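In what follows, a single structure is set out as structure tokens and then discussed.
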Amino acid sequence: MAEYLFLIPLLPLLASAFNLLVARTAFPDRANVVATLAVFGSFLLSVLVFREIYNDEHALHQTISTWIESGSFSTSIGLYADQLTAVMLLMVTFVSTLVHIYASGYMKGDPSFYRFFSWLPLFVFAMLVLVMADNYLLIFFGWEGVGLCSYLLIGFYHRRRSAGNAAKKAFIVNRIGDFGFGLGIMLIFTTFGTLSFAGDQGVFHQVTELGVSERTLTWIALLLFTGAIGKSAQFPLHVWLPDAMEGPTPVSALIHAATMVTAGIYLLARSSPILREAGDAMMVIAIVGAFTAFLGASIATVQNDIKRVVAYSTVSQLGYMALAIGVGAWVSAIFHLVAHAFFKACLFLGSGSVIHGMHEEQNIQKMGGLRKYMPITFWTFLIASLANAGVVPLAGFWSKDEIITGAWASNYLPGLGNYLAIFALITALITAYYMFRLIFLTFFGEERFDHHHVHPHESPKVMTLPLVILAAFAIGFGALGFPPDEGRFHDFLNPVFYGESHHDEEATEVAGVASDGSAVLFSTAAEEGEAGHGIHGHPTITDELKLNMGIVSTVVALSGILIAFLIYQKKRVDVVRFASEHEGFYNFLYNKWYFDDVYDRYIVFPLRRLSAWLWQKVDVGGIDGLLLWIVGALTWISGQLRRLQTGLVSNYALAIALGMVVLVGFYFAAFSDLFR
Amino acid sequence: MDLFNLNFEHPDWALILPQLIVFLTAIALVLGDAFLPERSKFNALTGISLVGYGAALASLYWQRGKDDMTFQGSFRADGLTVFLSLIILIAAILSVLVSANYIEYFEDRVPLGEYYILLAFSVVGALLVAGAGDMIMIFIGLELSSLATYVLTAYARRRVESVEGALKYFLLGIFASAILLYGMAWAYGLSGSTDLDGIRAGISEAVAGSDYMEASVLLALLLLVVGLGFKIAAVPFHMWTPDAYEGAPTPVSAYMSVIPKAAGFAALIRILVQALGPLSDDWTWLIAGLALITMALGNFVALSQRNVKRMLAYSSIAHTGYMMVGLAAYQDGSVLGSQLGADGVTALMYYMLAYAFMNIGAFAVLAWLQERGKGVMLDDLSGLAGTHPLAAVSMAVFMISLMGIPPLIGFYAKYYVIVAAIEADMLWLAIAIVLMSALSAYFYLRVVFVMYFGQAPDASTSAPARTVATPLLNAALVIMVVGNLALGLFSQGIIDLGEEWNTALTLASNIPGVN
């Protein structure tokens, strides 16, 4: 299978090129067929790859060609697939296929139909390169590729000014993170002399076998995390993601919920051997992640645009994933990533279905009672919301529960883990509340839309089928993660993060102390704890802790739902009056903690002033002025020299004679023995 | 060489095969012009010229790797001869292609046969210089080449500028020849030999063991450099260049911007490197200084020219400066010490080859336009991209190549020269080339700018376009555009061929008493 790895990203790339070059003029309304088939083909190949890795338990590696060779620097284009890649491949190609199918219905009739189905497979190509790359530079290629496609697709409705602005914002904000990632890649190269992470000479092997100073590794980890902050919308660069909802809804579902935004998490998980040795960086990641989760959830509580609520929910969930990375719960982070991809894609596609049925209305205050008009959308949306809120036994429950347990068990600083866990639990409460605020406002209660103009209807089958499939996965996927930390998902992924050999030796070693299987997860941690680093010093997570956490988080989630029920269904609290009584607080949340305003005033505005100054004073006045002065001077010199050419042949002969005399005189004086 | 003890060995004709072929071509042209009917002259004489130069070019293949002399040492066949002949013959073929239609239709239908005959004898002269092993041979070759060129310059005899330019060229030319001959006399007096290797041996004795040189040696050196500096149009011996280039028929300008210059450089290399190599510490500084003022003056004055032919004349002076840098970077005794690029002499020869493709190309486009009723002023090129897109593209390629932008051949030419200068510890000269190239961008790109952004003249007011077919000129343009684009990419092979020039020094070192 290894020799066919290249086909997986190649198929969508070919589809994209085909649609751009051929379908554009030949059959623009059927461009979706090629794109969907290509992505589905990639999915089938991914299944084969997954099966081979699942059976043989070894990584696949294909080197396609040498990319750059310059002095001691050498990088190849190589594809690498281990268990982590296999999981990402399945998720990406599966969700992509569904979104392509959905978009075939959603985008129908759009004048730029072919353009949409040129960029979307191009995005899939870049994303697949990102997850399959065998070195950091190729990851960066995919990373920038998905960023470009994101830009193109957010700005898809390019005639709308806000879409153009949102696209630019997403791109520019991401540049900040990319800059950090770029620096990180350079630091990796200067430290290890290679950018490839797989193999005997690879970065990871060097980290584990040779030992590198913790200080350097911490810097690398922080720089990589800077990249993730941009791409995975963590505080303080989260501001681009909600605006990215200007793009078509399938794009929001695929790029800004399921795949691209999780690239940062993937990068961190992929770099786990580096991160594990960088305790301080891990603590920073955990804290930033927990704060981002809370930030996103708090803003989501008061937004009225259905897609924005889901978008802020995405920010919040990405925060959970970063928290999981930060506390060393690697598998849980990936588990949540995949589970989130299913239910959040379902939520976005569901909102798309609602918007579609409501004639492009996005304000939930103008909806209500839609349950009876669009039953399939309602049920799938409800299931996905329950999963997002973390209700037993849906996918979101198991993954989120593991993260909170992992946070509780971590102790970078005394007590910090407990605070992180409690913070995450509060966030979980808010999550349940805003998800069900959305449900009650949209699907229940009185119908607040104008019956004369709006006639809600269920979406066509091509759109509801993906919803049903995704909802089914939102329910069933959790089963792979049961029992917590020991499910089949964990068995499959553990070798990536703990290594084959480590797995066997340390498991038995620690098992004697811990007498339960959870030692597998934290075996390395135990070692570190003894060494004094205390990365997540709790040697064990007991079954009792897991049970208690499960109960607590279930109670928390149900309470959130209950609060939403009381407020929005039973009207026990007058929301409008409450908001006006606490106007300052409400506005603070409604205006997204004033992040955009602060950035505008203290970063964007001074920068614009600076560029205006550079342009008008430095460039036009200084540089151009100097240049014109030089041109003037040169022209003057040229004019003077030109007068030497008198046109008189006697003058010409004189020049030759004079030249000869000067040369002879000079050389005789300087070099000959004539005057010695 | 003892003149009274000549041994009458048979000359080795095989060694002078290319020169012989071109000479026979010239004879054939004379006979053809005299006896062929008027109708078929154009085709026949053009054909004879092309076949002759082509055959000579092909015969170089068998000359490669030879390292021998004949005619009592006055003629040598070595790597230097091969490469210089290569440049001269390629330039000759391109010149014929550029000239053919122009001479047939323009400048009052001047006699075509004589044109080709003069061209052929000029080429013979240049080839003799390339293979000269003796001062006398160098002088004869140069004079043969120059005399033919004087006449060619005056070829548009009814146009006063043509005659004026030719006369200036001729008067100053004999002045310079006298100086050159005087220098040769001094060199002979010093060493007792006109043979290049003999001079080298004699000079070596003269300079050995002294910190300062005998004034006579220095005088010989300076007179030779001044005399040859005229031929290559180095400042301040360049004054004839703009007037002659501007006055001459455009194909002649193309021709004489390359072949007499190549002959001059061939003589410089033969004399300075082969004969006066031991003095290189002194003359490299002389050449370097002349190179600097040559490139500076050429570029500066080119800035304010609005006549494209005259601009190209000054640009040709500037390029002489760049080429001289290659010679200035010569290091005696460490001929093949270069790792990065080429040594100075190889860089110079590569530059000459590149220059033939760029400069003849630029003049060829002007000739092409003149044949379509346009002038050679900058304004005449205005809006050319709209009316004659292919001509505009070719001109843009030549201009950008002259400017030295990769991947065109002009860039590689400059690159090798700059590397050679840096390796010879003449960083200041390398920096000067770069700065001067930046300056030159102004007047080269102005041509491109005018062609692409200028307003095309109103078709009704301008002279009615003449529709002439110029198949040979078109072919030449295609060859040169392709050459500009492609030859740079294969520069390593050309450089390898060029580096065989140093076989010219091996014979000298085999002579007893030398080195």
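The values are calculated or read from the model by the stated rules, or taken from the named source; none is laboratory data. Here the structure is a predicted model, which is why all the values come from computation and not from measurement. For neighbour counting, all protein chains shown are included, and Cβ atoms are generated from backbone atoms with ideal geometry for every residue, glycine included. Heavy atoms of the whole protein, side chains included, go into the accessibility calculation; ligands, DNA and RNA do not. Shrake-Rupley method; radii C 1.70, N 1.55, O 1.52, S 1.80 Å.
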Q. Among the residues of the range A:645-676, which ones are facing chain B (nearest Cβ under 7 Å) and either touching a residue at least 60 places away in the same chain (Cβ under 8 Å) or polar (S, T, N, Q) (or both)?
A. A:GLN645, A:SER672
(Q) Need pairs with beta-carbon distance below 8 Å; first residue more than 15 Å from A:GLY319 (Cβ to Cβ) and within the range A:277-303, second of a type in the set (Asp, Glu); sequence gap 6+ or separate chains. (A) A:GLU277/A:GLU214; A:ALA278/A:GLU214; A:GLY279/A:GLU214; A:GLY279/A:GLU528
Q.
Within the range B:311-328, does at least one residue satisfy the condition of being out of contact with any Cys (no Cβ under 7 Å at 6 or more places or on another chain), modelled with pLDDT under 95 and open to solvent by 10 Å² or more (accessible area, probe 1.4 Å)?
A. no
Q.
Which residue is farthest from the other protein chains (Cβ to nearest Cβ), if the candidates are limited to the range B:125-175 and must be in contact (Cβ under 8 Å) with a residue 24 or more places away in the chain, β-branched (Val, Ile, Thr) and open to solvent by 10 Å² or more (accessible area, probe 1.4 Å)?
A. B:ILE136
Q) If we scan the range B:291-307, do we find a residue that is modelled with pLDDT under 90 and hydroxyl-bearing (Ser, Thr, Tyr)? A) yes
Q: Determine whether the range A:594-611 contains at least one residue that is free of Cβ contacts under 8 Å to residues at least 60 places away in the same chain, within 14 Å of another protein chain (Cβ to nearest Cβ), in a helix (DSSP H, G or I) and not hydroxyl-bearing (Ser, Thr, Tyr).
A: no
Q. Residue check: is B:ASP243 in a helix (DSSP H, G or I), among the charged types (D, E, K, R), over 30 Å from B:ASN307 (Cβ atoms) and within 14 Å of another protein chain (Cβ to nearest Cβ)?
A. no
Q. Any idea which residue in the range B:34-93 is nearest to B:GLY133 (Cα to Cα), counting only those that are among the charged types (D, E, K, R), surrounded by fewer than 21 Cβ atoms within 10 Å (Cβ to Cβ) and touching a helix residue (DSSP H, G or I) at 6+ places or on another chain (Cβ under 7 Å)?
A. B:ASP68
(Q) So if I check each of A:LEU425, A:LEU382, A:LEU416, which one is closer than 15 Å to A:GLY328 by Cβ, open to solvent by 10 Å² or more (accessible area, probe 1.4 Å) and either within 27 Å of the chain's Cα centre (by Cα) or at pLDDT 90 or above (or both)? (A) A:LEU416
(Q) B:ALA302 - would you say it is under 24 Å from B:ALA254 (Cα atoms), in a helix (DSSP H, G or I) and at the interface with another protein chain (Cβ under 9 Å from one of its Cβ atoms)? (A) yes
Q. Among the residues of the range B:179-195, is there at least one that is within 14 Å of chain A (Cβ to nearest Cβ) and of a type in the set (D, E, K, R)?
A. no
Q: For B:ALA318, indicate whether it is away from chain A (no Cβ under 13 Å) and in contact (Cβ under 8 Å) with a residue 12 or more places away in the chain.
A: no
Q. If a residue has to be open to solvent by 60 Å² or more (accessible area, probe 1.4 Å) and among the polar types (S, T, N, Q) to count, how many in the range A:622-650 make the cut?
A. 4
Q | Failed item in (1) at pLDDT below 85; (2) surrounded by 22 or more Cβ atoms within 10 Å (Cβ to Cβ); (3) closer than 30 Å to A:ILE567 by Cβ, with A:GLY445 passing the rest | A | (2)
Q: Go through (1) within 14 Å of another protein chain (Cβ to nearest Cβ); (2) over 30 Å from B:LEU435 (Cα atoms) one by one and return the number of the condition A:ALA633 breaks.
A: (2)
Q) In the range B:400-501, which helices (runs of 4 or more DSSP H) lie fully inside it and hold 1 or more residues that are under 20 Å from the mean Cα position of the chain (by Cα) and at pLDDT 90 or above? A) B:409-423, B:427-453, B:471-486
Q. Considering the range B:395-419 alone, what residues qualify as being farther than 16 Å from B:ASN484 by Cβ and either of a type in the set (Asp, Glu) or touching a Leu at 6+ places or on another chain (Cβ under 8 Å) (or both)?
A. B:VAL417, B:VAL419
Q) Could you list, in sequence order, the residues of the range A:23-34 that are in contact (Cβ under 8 Å) with a residue 12 or more places away in the chain and either in contact with a Leu (Cβ under 6 Å, 6 or more places away or on another chain) or exposed (fewer than 13 other Cβ atoms within 10 Å of the Cβ) (or both)? A) A:ASP29
Q: Looking for whichever is open to solvent by less than 30 Å² (accessible area, probe 1.4 Å), within 18 Å of A:LEU429 (Cα to Cα), assigned to a helix (DSSP H, G or I) and of a type outside the set (Val, Ile, Thr) here; the options are A:SER553, A:SER559. Which one fits?
A: A:SER553
**Q.** Of all residues making up the range B:228-237, the number that are in a helix (DSSP H, G or I) and within 9 Å of chain A (Cβ to nearest Cβ)
**A.** 2
Q: Being more than 19 Å from the chain's Cα centre (by Cα), part of a helix (DSSP H, G or I) and more than 8 Å from chain A (Cβ to nearest Cβ) narrows it down to one of B:ALA254, B:ALA267, B:ALA262, B:ALA220, so name that one.
A: B:ALA220
Q. So which residues in the range A:2-22 are closer than 26 Å to A:SER46 by Cα and more than 28 Å from the chain's Cα centre (by Cα), if there are any at all?
A. A:GLU3
Q) Quick one: would you say B:VAL450 is open to solvent by less than 40 Å² (accessible area, probe 1.4 Å), of a type in the set (Val, Ile, Thr), in contact (Cβ under 8 Å) with a residue 12 or more places away in the chain and over 17 Å from B:ASN359 (Cα atoms)? A) yes
